[in-house]
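Q: Have a look at this one before I ask anything.
The values are calculated or read from the model by the stated rules, or taken from the named source; none is laboratory data. If you're wondering where the values come from, they're calculated on a predicted model, not measured in any experiment. As a convention, Cβ positions derive from the backbone with ideal geometry for all residues, glycine included, and neighbour counts pool all protein chains shown.
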Amino acid sequence: MATPQIPSLSNEVSKNLEVITQIEPFVRTAIETLLVDVNTCWQPTDFLPDMSKEDALDQVHQLRERAAGIPDEVIVSLIGNMITEEALPSYQTYFNLLDGINREHSVTSENAWVTWSRQWTSEENRHGDLLNKYLYLSGRADMRQVEVTIQTLISNGFDANTDNDPYQAMIYTSFQERATKISHNNTGKLASKAGDNVLSRICTTIAGDEGRHERAYKTFMREIFDIDPNGAMLAFEKMMRKQIAMPALLIDKGNDRNMFARFSAITQKIGIYTTWDYAKIIEHLVEFWKIENVTGLTGAAAKAQVYLSKLPERYLRIAERVKAPEEISLVWLSC
């Protein structure tokens with residue numbers, strides 16, 4: 001009987017796996033410097049009423065009074081941000097399925113990449129917990145509808161459209177961490193304007209976490225650019241041509257509620273996350289990775305460099321023409 005032939009990896013995939021393995025020591029350093037010890041970092045209860053105290057109900061009443069002044073549109077955006085954060089099981093699974101990341105196929109592996117994925121998502125887990133509890137106590141959200149949406153999103157899974165390629169994944173996460181940082185920061189500003197300084201502090205604290213995670217993924221990708229500039233440039237081009245799919249995109253899969261489109265329209269309308277922000281993130285990444293200054297490129301990678309160098313200006317022109325929707329339809333609110 002003939003021995004089954006195992007398909008050989010393409011040169012591109014082999015190179016990517018080699019580079020991913022090569023930068024593991026750098027990832028280990030990021031774990032030590034850009035993630036926070038569980039015993040010292042903030043926890044959701046630091047921002048919420050202490051239910052063990054005699055005045056717990058008074059604290060809840062104060063939270064509800066502050067939350068009552070927040071515009072419906074801001075509450076909807078907050079809920080959308082929370083739902084996105086709550087889909088962490090999908091994000092950790094996605095990261096561990098990338099080529100070369102979890103070679104032992106074990107979620108308890110001490111491999112630097114797998115350790116990073118566990119600790120990164122454990123930090124992110126606090127975000128959904130905190131926002132979920134705040135919204136529950138505020139009385140402003142239809143929590144059953146919100147919970148159905150969360151379960152639907154996790155059930156539908158997550159597709160970042162990165163072709164299982166770790167290079168494209170690092171670009172995607174660099175972009176998304178910066179996008180969530182912007183969204184939480186802008187939500188916090190609107191909460192402060194509405195008089196809820198506690199919610200403002202919650203949002204800016206979460207944005208601070210996203211900023212640390214953004215720095216990590218951007219520096220991972222910078223290392224890849226240093227080692228394999230051709231492969232990195234082509235991966236960046238691929239992601240930008242496909243555009244970045246938002247993590248909560250699949251909340252509408254299997255139904256016709258158009259919740260994601262409605263949520264996106266609200267964030268555009270009130271300035272929490274806009275087309276302009278999308279364009280500015282591209283501009284930031286092009287500058288951070290010094291795309292125009294990368295040398296040693298050949299063939300398609302050199303053409304990709306030209307495309308990427310001009311991309312921020314193109315998207316900024318598009319953003320200038322995009323108008324905020326005149327009408328928006330709210331979702332997830334209590335009656």
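Q: Out of contact with any Leu (no Cβ under 9 Å at 6 or more places or on another chain), aromatic (Phe, Trp, Tyr) and either closer than 22 Å to MET259 by Cβ or touching a residue at least 40 places away in the same chain (Cβ under 8 Å) (or both): which single residue out of TYR167, TYR94 fits that description?
A: From the options TYR167, TYR94, the qualifying one is TYR94.
Q: Do we find that ASN186 is in contact (Cβ under 8 Å) with a residue 12 or more places away in the chain and surrounded by fewer than 17 Cβ atoms within 10 Å (Cβ to Cβ) in this structure?
A: no
Q: Turning to a different aspect of this structure: If we scan the stretch 104-127, do we find a residue that is in contact with a Cys (Cβ under 8 Å, 6 or more places away or on another chain) and within 22 Å of GLU24 (Cα to Cα)?
A: yes
Q: Take the residues of the stretch 15-29 that are among the aliphatic types (A, V, I, L, M) and not in a loop (DSSP other than H, G, I, E, B): which is modelled with the lowest pLDDT?
A: So the residue we want is LEU17.
Q: Across the stretch 96-131, which residue is nearest to the chain's Cα centre (by Cα) among those that are closer than 27 Å to ASN11 by Cα and of a type in the set (Phe, Trp, Tyr)?
A: TRP116
Q: Restricting attention to the stretch 284-300, does a residue exist that is hydrophobic (A, V, I, L, M, F, W, C), modelled with pLDDT under 95 and either crowded, with 20+ Cβ neighbours inside 10 Å or part of a loop (DSSP other than H, G, I, E, B) (or both)?
A: No - not one qualifying residue is present in the stretch 284-300.
Q: Would you please list the contacts, defined by Cβ atoms under 7 Å and residues six or more apart or on different chains, that run from a residue in the stretch 223-243 that is polar (S, T, N, Q) to a residue that is crowded, with 18+ Cβ neighbours inside 10 Å and in a helix (DSSP H, G or I)?
A: ASN230/ALA301
Q: Restricting attention to the stretch 181-214, and to residues there that are aliphatic (A, V, I, L, M) and within 15 Å of the chain's Cα centre (by Cα), which single residue is nearest to SER138 (Cα to Cα)?
A: ILE206
Q: Identify the single condition in (1) under 25 Å from ALA179 (Cβ atoms); (2) touching a residue at least 24 places away in the same chain (Cβ under 8 Å); (3) not β-branched (Val, Ile, Thr) that ARG66 does not satisfy, given that it satisfies every other one.
A: Here ARG66 clears every test but (1).
A quick yes/no check of all residues on (1) under 21 Å from LEU316 (Cβ atoms); (2) in contact with a strand residue (DSSP E or B) (Cβ under 9 Å, 6 or more places away or on another chain); (3) assigned to a loop (DSSP other than H, G, I, E, B); (4) aromatic (Phe, Trp, Tyr):
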site: ILE244; (1), (2), (3), (4): yes, no, yes, no
site: ALA261; (1), (2), (3), (4): no, no, no, no
site: ILE266; (1), (2), (3), (4): no, no, no, no
site: TYR273; (1), (2), (3), (4): yes, no, yes, yes
site: ILE281; (1), (2), (3), (4): yes, no, no, no
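Q: Could you list, in sequence order, the residues of the stretch 101-118 that are small (Gly, Ala, Ser) and either in a helix (DSSP H, G or I) or modelled with pLDDT under 95 (or both)?
A: Pass one, the stretch 101-118, residues small (Gly, Ala, Ser): 106, 109, 112, 117.
Across the stretch 101-118, the qualifying residues are ALA112, SER117.
Q: Shifting gears a bit: Specify which of the listed residues (GLU32, GLU85, GLU12, GLU73) is of a type in the set (D, E, K, R), in a helix (DSSP H, G or I) and without any contact (Cβ under 8 Å) to a residue 24 or more places away in the chain.
A: Result of the check over GLU32, GLU85, GLU12, GLU73: GLU32.
Q: Regarding the stretch 82-93, can at least one residue be identified that is surrounded by 12 or more Cβ atoms within 10 Å (Cβ to Cβ), in contact with an Asp or Glu (Cβ under 8 Å, 6 or more places away or on another chain), under 26 Å from GLU110 (Cα atoms) and hydroxyl-bearing (Ser, Thr, Tyr)? Spell out the reasoning first.
A: We begin by selecting, within the stretch 82-93, every residue surrounded by 12 or more Cβ atoms within 10 Å (Cβ to Cβ); these are 82-93.
With the extra rule that they be in contact with an Asp or Glu (Cβ under 8 Å, 6 or more places away or on another chain), the set shrinks to 85, 88, 91.
Narrowing further to those that are under 26 Å from GLU110 (Cα atoms): 85, 88, 91.
Subsequent filtering for residues that are hydroxyl-bearing (Ser, Thr, Tyr) retains 91.
Checked against the condition, which is being surrounded by 12 or more Cβ atoms within 10 Å (Cβ to Cβ), in contact with an Asp or Glu (Cβ under 8 Å, 6 or more places away or on another chain), under 26 Å from GLU110 (Cα atoms) and hydroxyl-bearing (Ser, Thr, Tyr), the stretch 82-93 yields at least one hit.
Q: Which residue pairs have Cβ atoms closer than 7 Å, lie 6 or more positions apart in sequence or on different chains, and pair a first residue in the stretch 268-289 that is more than 17 Å from ALA304 (Cα to Cα) with a second residue that is acidic (Asp, Glu)?
A: Here the result reads LYS269/GLU73; ILE270/GLU73, each pair linking the stretch 268-289 to a residue that is acidic (Asp, Glu).
Q: Restricting the search to the stretch 35-54, which residues are in contact with a Lys or Arg (Cβ under 8 Å, 6 or more places away or on another chain) and in a helix (DSSP H, G or I)?
A: Hits for the stretch 35-54 are PRO44, PHE47.
Q: A further question on this structure: Determine whether SER122 is part of a helix (DSSP H, G or I) and buried (at least 17 other Cβ atoms within 10 Å of the Cβ).
A: Values: part of a helix (DSSP H, G or I): yes; buried (at least 17 other Cβ atoms within 10 Å of the Cβ): no.
Against the criterion (part of a helix (DSSP H, G or I) and buried (at least 17 other Cβ atoms within 10 Å of the Cβ)), SER122 does not qualify.
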